[in-house]
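Below: the structure, in C-alpha cells.
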2 protein chains.
Amino acid sequence: MSIDEKKLFDRIRSINPKTILLRGPEGYLNLIQRIASKIEGQFNIPTIISADECYGSCDTIENDALILGAEIVLHVGHSIRTDNFGKRTIMIDVTDDISFSRIIKKSIPIIKKYKRLGLCTISQYLNALQPSKKLFEEYGFDVIIGQGQGYLRDGQIFGCRFNTVFSIKGRIDAIIFLGQSRFHALGASLSTSLPTFMLDPYSNTFENMQNETEKWYKRAILQIYKAIDAKKFGVLIGLKEGQMNINTALRIRERLINNGKNAQLFSIREISSNRLDMLSQFDAFIQTACPRISIDQRSFKKPVLSTLQTEALFGIWDGLDPKSVLEKETWF
Amino acid sequence: MSIDEKKLFDRIRSINPKTILLRGPEGYLNLIQRIASKIEGQFNIPTIISADECYGSCDTIENDALILGAEIVLHVGHSIRTDNFGKRTIMIDVTDDISFSRIIKKSIPIIKKYKRLGLCTISQYLNALQPSKKLFEEYGFDVIIGQGQGYLRDGQIFGCRFNTVFSIKGRIDAIIFLGQSRFHALGASLSTSLPTFMLDPYSNTFENMQNETEKWYKRAILQIYKAIDAKKFGVLIGLKEGQMNINTALRIRERLINNGKNAQLFSIREISSNRLDMLSQFDAFIQTACPRISIDQRSFKKPVLSTLQTEALFGIWDGLDPKSVLEKETWF
C-alpha cells in the first residue's frame, strides 16, 4: 500500500500549514501514523490524527479541523473523483498494487458460463481494473467497466453508491468485484440482482455472493415488516458531515404523523445499539444517516430502517408491494 | 423532578425558533422527551433530541445546533451560574424537591464526632442546601456552604470542579454531600482529603467515602507510575465543546519530546477503551479532555493519564514526589 508522497509534500509546502489533521479508516491507521511521522520530520509541525470512527468519504471532519486550527485535513484512503473537498480536506489516494492475475485465472472455470462481465472495485484497487479487463478479454469474455458518475471514478463503487454497475446491468451477465471487501461486493450484488463474484487476491479465493445476498435482502425486507405496526418512531438525523439529512428526516416525520404515528427526531453522531437501547419507549427507528447502518448485520433490538426501507414501508401502508427495495443505483 | 416551564415557554416565545434541540444526561432522557412533546404541542415546531452521550455543562452542542439550523439548544439538568451559554444554549435547571431531613437525622450519631461541617451538592438538590444547613445547626453543628465561583453556585460541585469545598477545607472537619452520586462525593473527598459522607435520601442511607477514596487515589497514583517508562505516548485532544484543550496538548507533547519520548497527537470525541485499543503501538496515553475519564474506574488496558497526573509524571521525572496529586480545587 502506498500514497503519492511527492504530490502530498508539494501540496503541504504550497499551503504552509501550522498543523495538519489526518483521518482515515481503521485499517489504514498504521499507514496514517507513518505519514504523520514523515510530515512532522519534514516540516517540523505537529500533526493530529483523528481517532474517531471513519465511515468513508461521507465522513469528513472539516469542522474538527476548524476548531483545532488545522489548515489541512488529509483524508486517507477514501478517494473520490476530486482531490479537494470542502475548504480544508485533501483526499489522499491509497494504492495497492497487488496483482489479480492469479485469482482471475483460478476463477475462470466457474465464471466462464457468463459471457459478459462488469468489473468494479474500491479505490485502492482502481489500478487493477484495466489489466484485469485485458486478462478476462484474453479468456474470451466481453468486459465492461462502468463509467464514473458523481464522486465515483470509472468502475469504482462505494458502500452506498453503485452507479457504475447499476448503469451497465442490462449489458452484462455477471459482476466481478476486485478486492476483499464483502461489504462492497454484497452492495454491488444487492443493487443489481446480478450474479456477483468477489475475487480476493490475498487469500487467492473467489466467492459467489448469491446466498449471502439473498440472506441480506430477506433481512432488509423483514425489518420493514417488523416496523409496520410500530406506533412510536424515533427518526435519527446523523451528525457526520456527509450524513446530515435533516430535510429527509423532517419529511419522514411529517409523513409518519400524517399516518397517525408518533414521531420524535433525534440527532446522533454514531448510531449504535447502545445508544438506541436507551430510547426504550420507541417501537422502531428510521435513520437518515447512512443506508449501510440498516442493511448490514448489526445487533439492533428494534427495527432501524434506512430511508429506502422507509419509502418501502410507506408503500406498504399505501397497499404497494415492497419489491426490489435495494435494486437502486444509490441507497439514499 | 421538575423544570420551570413558564420561564422556558416565555423564553421560547421571545425567540420564536423554527426548531429546538434538546440535550441532557441519560438519566433525564424521559424528562427531556416530555419537555419536547410539550414544546411541539405548544408551538407546533419540530424538536430534535440529542441522543449522544452528555457529560455535563462542558458538553454543549452549539455546533450541532448550527448545522441542524436549531436556534435554541435546551441543555437540561446541568445548571451553572448563568442561564445562557454560547449563542444558542439555554441551561435548564432540573429541581428535585425530595427532603433530606430523614437521612440527616439518621446520620447524626455517626457524624456527631465532627463539629464543623461543609455542605455541598449537585445542581438538582441545590434547594436542599439551606434547609439541611438549618437542620444540622439545630443539632449543634457549625455548617458552612462554600461560596460559588466561576460556573459553580454556592455549595455546588461538578465532577471536575470542587472550589466550593476546597476553599473552606481549612474551616471544616468533614464534608456532607447531599445526593446519590458517588462520582461527585468521591470527587469532593479526593480534592480535599477530608472525611466525606454521602447522604442519599432515596435509599435513606449514608456512606463514609473514606475507603473508596483511598482505593481511587492509589489507582490514580499507580497509573502515573505505570507510565514512567513508556516510550511512545498518544496525547488525546477531546473534541467536545468544553473539553477541547489543544494548547495543553501541544505543551504536553513538547515536554514529552524534550524528555526524549515519542509523542503523537490524536483528536477524539468519546474516549473509550475500544478506540484506544486500536492504537496498540502506544505505551501510554495522556488525555486533555476530561479529568474524570482518567480518575474513574474504566477498563483501559494502558495508562490514560489526566493533565494533573501528567504534571505529577513530569514531576517524578524531575525527581519530585507525586503527593496530593488530586488535592486541588479543580482537576485541570
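Remarks
- Of the listed residues B:SER37, B:SER107, the order by accessible area with a 1.4 Å probe, largest first, is B:SER37, B:SER107.
- Considering only B:CYS160, B:TYR225, A:THR164, the residue lying farthest towards the positive end of the dipole of the protein assembly as shown is B:TYR225, judged by Cα position with unit charges set on Cβ.
- Site pair B:SER14 and A:GLU62 shows an inter-label distance of 3.5 nm when each label is modelled 7 Å from Cα along Cα→Cβ.
- Volume per residue that the Cα convex hull of the range B:152-192 spans, once the total is divided by residue count, Å³: 65
- Largest-first ellipsoid semi-axes for the range B:99-170, taking √(5λ) over the Cα gyration tensor eigenvalues, angstrom: 21, 14, 10
- Shielding of peptide B:49-55 by partners, expressed as the average count of other chain Cβ atoms within 10 Å per residue Cβ, is 6.
- Dipole check for the range A:186-332: with +1 at the C-beta of Lys and Arg, -1 at the C-beta of Asp and Glu, and the Cα centre as origin, the magnitude is about 600 Debye.
- Orientation-averaged projected area, Cα convex hull of the range B:1-68 (nm²): 4.8
- The H on the amide N of B:SER267, modeled in the peptide plane, is under 5 Å from the matching H of A:ILE49, A:SER50, A:ALA51, B:ILE237, each at least 5 residues off or on a different chain.
- If only the Cβ of Lys and Arg carry +1 and only the Cβ of Asp and Glu carry -1, the dipole of chain A around its Cα centre is close to 440 debye.
- Long-range Cα-Cα pairs in the range B:172-308 (distance over 28 Å), rounded percent: 28
- Dipole size of the protein assembly as shown about its Cα centre, with +1 on Lys/Arg Cβ and -1 on Asp/Glu Cβ: approximately 380 debye, rounded to the nearest 20.
- Summing +1 for each Lys or Arg and -1 for each Asp or Glu among the other residues whose beta-carbon sits under 15 angstrom from that of A:VAL235 gives +4.
- Of the residues B:ASP52, B:ASP142, the one with the largest accessible area comes first in the ranking B:ASP142, B:ASP52, computed with a 1.4 Å probe on protein heavy atoms.
- Distant alpha-carbon pairs in the protein assembly as shown (separation over 34 angstrom), percent: 55
- The share of alpha-carbon pairs in the range A:79-200 lying farther apart than 17 Å comes to 53%.
- Between the amide H of B:THR205 and those of B:ASP200, distances stay under 5 Å, these residues lying 5 or more places away or on another chain, with hydrogens modeled in the peptide plane.
- Highest to lowest packing among A:126-138, B:71-83, scored as the average C-beta count within 10 Å: B:71-83, A:126-138
- Per residue, the convex hull volume that the Cα atoms of the range A:179-238 enclose (Å³): 108
- Spatial separation of Cα centroids for the range A:122-191 and the range B:253-332, in angstrom: 46
- Proximal lysines relative to A:LYS105, as straight alpha-carbon distance under 16 Å, when same-chain residues fewer than 8 apart are discounted: A:LYS113, A:LYS115, A:LYS133, A:LYS134
- For the range B:223-280: relative contact order, % (alpha-carbon pairs under 8 angstrom, 6 or more apart): 41
- Of the three principal axes defined by the Cα atoms of chain B, the extents in descending order read 61, 56, 29 Å.
- 5 Å-binned pair-distance histogram of the range B:7-140 (Cα, whole percent): 2, 9, 18, 18, 15, 9, 8, 8, 6, 4, 2, 0
- Cα-based reach from B:LYS6 at 16 Å (exclusive), listing lysines while leaving out same-chain residues under 8 positions away: B:LYS38
- Considering only chain B, percent of DSSP beta bridges that pair antiparallel, nearest 5: 20
- R0 of 51 Å, Cβ-Cβ distance B:LEU320-B:LYS105: FRET efficiency to nearest 0.05: 0.65
- For the protein assembly as shown, the 222 nm mean residue ellipticity estimated from helices alone, with every DSSP H stretch of n ≥ 4 adding -39500 (n - 2.57) and the total spread over all residues, rounds to -10500 deg cm²/dmol.
- Relative contact order (percent, whole number), the range A:1-149, Cα cutoff 8 Å, 6+ residue spacing: 21
- Look at the alpha carbon pairs under 8 Å that are at least 6 residues apart: their mean separation over the length of the range A:191-332 gives a relative contact order of 27 percent.
The values are calculated or read from the model by the stated rules, or taken from the named source; none is laboratory data. Quantities reported herein were computed from a predicted structural model and do not represent experimental measurements. Neighbour counts run over all protein chains shown; Cβ positions are idealised from the backbone, glycine included. For accessibility, only protein heavy atoms count, side chains too; no ligands or nucleic acids. Shrake-Rupley method; radii C 1.70, N 1.55, O 1.52, S 1.80 Å.
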